[in-house]
Every structure is written in C-alpha cells, then in structure tokens.
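Heads up: the structure comes next, in structure tokens.
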Amino acid sequence: MDTLSRPLGTAPYPSFASLIRAASTCRVEGGRDVERRKDKGISPIIAVLLLILIAVAAAVLLYAWVVGYAGQVRPTTPETTERLKIEAGKLFIWGTNVPTAADNPNRMDVNATLYVRNTGGTDVNITDVYLLTTGLEVVNVTRGYGPNLYYNVRWVYVDHVSAADKLLGVGKVARIDICFPDTEVQKGRSYIVRIVTSLGNEYGIELKATSG
C-alpha cells in the first residue's frame, strides 16, 4: 500500500516514495533558480574593471576637450589684434615716366591702388610695399615710412596723405596708392602686391598689370 493507516474520513497520508520525489523536485528546481541568478548577475571583478574603463575614458575625453579649447584661445597682443583685408586693387603702368633726379628713362613707373579695410583692434602703420612675381621673386620694393629704397622719396600714400603721417584707423576703409619707380613689368601678367606693417604682418593681393 502507498498510504499509511489513517482514521476513516480523512485524506490519505502521502507515501514515502512520493515525499522523496517531491524533495528531489525541489532540489532540482532550486538549483535551476540559483543557476539563473548566477547567469543574470555580474562578477564584482568585472564590475570594477568596467568602472575603471569608464573613468579612464571620461578623463581622456576631458583632457582632449581642455587641450582643444586652450589651443583656440590666443593671447591678445598687437600682433594678433592687427588685421587688414585688401578688398580690391589695381596694378597699372604709367603711360609716361615720372622724372626724378636718378630716373631711368628706359623703365616706366608702375602704380598700384589698393582698398584696404582695417578689421582688427588697433590702428595700422604701413612701412613697406613689395611688388612680387607669382613665383614670389621681388620685382621692386618701396617704403611708406623712413628713407626710401629709391631716391630717398616716399611713394606710399593713405587717402592721399603720406603713409608716414597717417595710420589706417580701426574699422575704416582706406585707399592706398603706391608707386614703384623705374619698374619693368609685363602687361597682362599677374603680380603680387604685398604690404608690410610696422608690426611685421604681411597682407597681399594678386593683380594683373594693365596700362594706365
């Protein structure tokens, strides 16, 4: 018999074999639950390693951002606040030579007219103007301040006033007239007119030589 002796009218007692089967089933199901919890959990060592990796990545990103921002910030000095923009210009050969004491009658005078805007934060003094080939070979140079390379005469004017006596004001557009005396250029060929300021900054424009 599978059941023990029991009083009449009561439910049958479970047999010993059924109790063994129930206990075995509980152990198996309990083991499966533990295995499921182990599968779902993360090892403490792995968790620590993940936190370290996240912290290192965040530090690297922060360092890159700080270095990039610092590289964009430049110290405010006259050299960095001085900015000119040459908006237009013309390079032309005079039809007649302007006579001077040391004039070379075999070469014509070449003039350049530039329209320059001061977009910086300080007034600008033009000291030299170069005429270059597109290969950056010097054709001629003239000075707007101090003794001139040719004939001890100044040949640079800002709004019809000698560059030695007039600065390019902040936010203003000025007409710059330059004369390169006794200069040989080819009509229709492109040249570079480059102005140099007292701070050593250079600004140039490429122009095609035309007749005056």
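Only the coordinates and a few stated rules stand behind these numbers; no lab work does. None of the values given here were measured: they were computed from a predicted structure. Cβ atoms come from the backbone with ideal geometry, glycine included; neighbour counts cover every protein chain shown.
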Simple label model, 7 Å out from Cα along Cβ direction - Ala47 to Trp94, nm: 8.9 nm
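Expected output is a single nm value to one decimal: the length gained when fully extending between Arg175 and Glu87, i.e. 0.36 nm times separation in residues minus the C-alpha distance. What is it? It would help to have the intermediate numbers written out before the result.
Working: separation 88, 0.36 × 88 = 31.68 nm, distance 1.04 nm.
Length gained between Arg175 and Glu87: 30.6 nm.
Please arrange Ile93, Ile52, Ile176, Ile126 by counting, for each residue, the other beta carbons lying within 10 Å of its beta carbon, fewest first. Walk me through the numbers before you get to the answer.
On the way: Ile93 18, Ile52 10, Ile176 23, Ile126 27.
Neighbour counts put them in this order, fewest first: Ile52, Ile93, Ile176, Ile126.
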